[in-house]
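Each reported figure results from applying straightforward, stated rules to the coordinates on display, with no laboratory input. Keep in mind that this is a model prediction, so the values were computed, not measured. Heads up, the Cβs are rebuilt from the backbone with ideal geometry, glycines too, and the neighbour counts pull from every protein chain shown.
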Amino acid sequence: HLLPTGRFSGELAVTEVDLLSRHVLEADEHTYSLFHCKMGSSRTTLFLASMDILYNADKLSMEDIVRRQELIGVMSLFNITSQEADYPQEKQSKIDRVVFLARFHEYAKTVFIPAKKSGHVPQSWAEWSRIHSDFRPDIRHLLIDNSGKRKGGE
């Protein structure tokens, strides 16, 4: 499956998440998945973490999965430090990305993985997200913001 995606804004498009979920449902032990975005870091890491969540949310916390992907990849999805001066919404977008991951972890742990293990088709992310739109986990303790640090360690 090819999942074209733009910059993260709020949540991944529900169609992207539902396509990723369907891919995981249909995959067998011989299926390989390749994730790559324009720069090979933020969206790649986000999709790798999302896929990891779909396989392991019942065994690992969202924090453990994100930290594991940081060790495997190139970046921490918890780092909300702005990098692009021409992208004023960057910090909020990064915060929203962490909220998405926390919400998606809850979905995978309580709906997707149990349904998959029992051989049932799980409720879609689109439907779960709509029904649970008021579920906003507290992620403040996870966020890393180096905006106030001066360059050169001063």
Isotropic mean projected area of the C-alpha convex hull, region 45-101 (nm²): 3.9
statement: Here, residue 25 and residue 74, labelled 7 Å along Cα→Cβ, have an inter-label distance in nm of 3.3
- prompt: Under a point spin-label approximation (7 Å from Cα along Cα-to-Cβ), what is the residue 121-residue 141 distance to one decimal in nm?
  reply: 3.9
- prompt: Under 17 Å from a point 7 Å along the Cα-to-Cβ line of residue 63: which residues of region 93-119 have their amide N that close?
  reply: 98-106
message: If amide hydrogens are placed 1.01 Å from N in the peptide plane, which non-local residues have theirs closer than 5 Å to the one on residue 79?
response: 144
- prompt: So what is the diffusion coefficient of region 62-149 in µm² per second by Stokes-Einstein at 25 °C and 0.890 mPa s, using a Kirkwood Rh over Cα pairs?
  reply: 167
